[in-house]
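This report concerns only the one structure given below.
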Amino acid sequence: MLQETDLRTTIHNLAMLFLERGPRDMRRLNQDFNNFVSKRQREETFRDVTPEESLIGTLLTCFDRHLAAGELRTDIDLEALIPIVYGMVHAQLNFRERYSANGDEPNRSNLDIADSIVEVLLFGIVPR
């Protein structure tokens, strides 16, 4: 169950989750699930929904609460919001990986990146 937080904290926590766990951990989790859970159990677990749909459904429930609380515009497609956040994080991870491959150390922490994602999502890029 997701903890109830304000919208800023929800987006920040989601960005941090994706930054800290990253695609490698998700792939590892998927591999472990396939290697150590029987086919019958896997089919039973995800009979009605895929793992991706399950994650998105959980996050949609969370964002629905923010919508109901008036914290989100009503014309926002919530199903598009989650991939947008993930896409922003994924681009940062790719940038960091390329940067590190050149022998350079990234100068932005996950916390700084998550804060930037929150700012851009909530307030855009135009001056306030």
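The values are calculated or read from the model by the stated rules, or taken from the named source; none is laboratory data. What you see is a predicted model, and the numbers here were worked out from it, not measured in a lab. Cβ atoms come from the backbone with ideal geometry, glycine included; neighbour counts cover every protein chain shown. Surface accessibility is based on the protein's heavy atoms, side chains included, excluding ligands, DNA and RNA. Shrake-Rupley method; radii C 1.70, N 1.55, O 1.52, S 1.80 Å.
Close contacts from segment 105-118, counting a first residue that is surrounded by 16 or more Cβ atoms within 10 Å (Cβ to Cβ) and a second that is modelled with pLDDT of 90 or more and not charged (D, E, K, R), with Cβ to Cβ under 8 Å and a gap of 6+ residues or different chains, come to A114/H12; D115/H12; I117/H12; V118/H12. A residue that is open to solvent by 50 Å² or more (accessible area, probe 1.4 Å), in contact with a Pro (Cβ under 8 Å, 6 or more places away or on another chain) and closer than 25 Å to M88 by Cα occurs nowhere in segment 33-54.
Looking at segment 15-24, is at least one residue open to solvent by 100 Å² or more (accessible area, probe 1.4 Å) and modelled with pLDDT under 80?
To start, the set of residues in segment 15-24 that are open to solvent by 100 Å² or more (accessible area, probe 1.4 Å) comprises 20-21, 24.
After this cut, where a residue has to be modelled with pLDDT under 80 as well, the list is 21, 24.
Taking every residue of segment 15-24 in turn, at least one turns out to be open to solvent by 100 Å² or more (accessible area, probe 1.4 Å) and modelled with pLDDT under 80.
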